[in-house]
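Laboratory data are not the source of any read-out in this text; all were calculated from the coordinates shown. Since the model is a prediction, treat every value here as computed from it, not as a measurement. Cβ atoms come from the backbone with ideal geometry, glycine included; neighbour counts cover every protein chain shown.
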Amino acid sequence: MINISSMFAKPPFKPLRNHMDKVVESVAPLKEFFDALHQQDHTKVEEIQQQVIQAEEEADAIKNEVRNHLPGSIFMPINRRDLLEMLDMQDTIADVAQDIVNLLTLRKMRLPSELWPDVIQLVEKAQHVCLMTQGLSQEFGDVLESGFGRHEIDKMLEMIDQVSNAEHEADVLEDTLVSKMFEIEDKMKPVDVMFWYEIIELIGDIADYSKKTGNRLRLMIATN
């Protein structure tokens, strides 16, 4: 049972930060998952799938508790609706991670070996962008506790820019991978091509929704 009173104790951003921690837990095993998939270690694949599912379910539980118990007057410097929208952005990251492992586990898909290094590189970049967004959670707590001090705001805006730049790098990797797949897709089953394009897009979505979380924070700061 989640202790709501402790969740909303100091620091004031703790509920969303706890949620983001669970989101990161859902994304963290993805590289290991893809490695196991490539090695056709289906036992390991299913084991990691369950880890991701559990982390996503725990993130959902925190999300629902926040939605159900967040009073309209809490976190006075911040609009309640903005906080809940950011919560949804964060939660989508965990949802995407679960979609990836569920789809790949169900279909037991394989990718041509020449593309595998690019897939792993994209996964690692998406994970990195997500971790950077986790750092924004801590920093935003500092911004709130400082009463929106200029120094804390400037530091956070710089971090948001760094997340945006890293997400752009993920976009470039995604485009490169798609181009390489296009060149060899004749060697693959048509249905596998379709599903791998979807998987690549989902991996990119992890970075994209991490960036969107940062952009939501930027808007919240701009209104104060």
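Structural remarks
- Proximal lysines relative to LYS63, as straight alpha-carbon distance under 28 Å, when same-chain residues fewer than 8 apart are discounted: LYS10, LYS14, LYS22, LYS31, LYS125, LYS155, LYS211, LYS212
- Stretching LYS44 away from SER179 to a fully extended chain increases their span by 45.6 nm, per 0.36 nm per residue minus the current alpha-carbon distance.
- For region 12-222, the Stokes-Einstein estimate of translational diffusion at 20 °C and a viscosity of 1.002 mPa s comes to 120 µm²/s, using the Kirkwood hydrodynamic radius over alpha-carbon pairs.
- Peptides 200-212, 184-196, 46-58 ranked from most to least packed, by the mean per-residue count of other Cβ atoms within 10 Å: 200-212, 46-58, 184-196.
- Sorting the segments 145-151, 109-115 by their residues' average number of neighbouring beta-carbon atoms within 10 angstrom, most packed first, yields 109-115, 145-151.
- Gyration tensor (alpha-carbon) shape descriptor, region 40-110, a/c threshold 1.5: prolate
- Remark: region 175-189, residue by residue, has Karplus-estimated 3J(HN,Hα) of 4, 5, 5, 4, 5, 5, 5, 4, 5, 10, 5, 5, 7, 10, 5 Hz, where x stands for each Gly or Pro and the curve is 6.51 cos²θ - 1.76 cosθ + 1.60 at θ = phi - 60°.
- Helical runs assigned H by DSSP (4 residues or longer) give the chain a calculated mean residue ellipticity at 222 nm of -28500 deg cm²/dmol, each run adding -39500 (n - 2.57) before division by the residue total.
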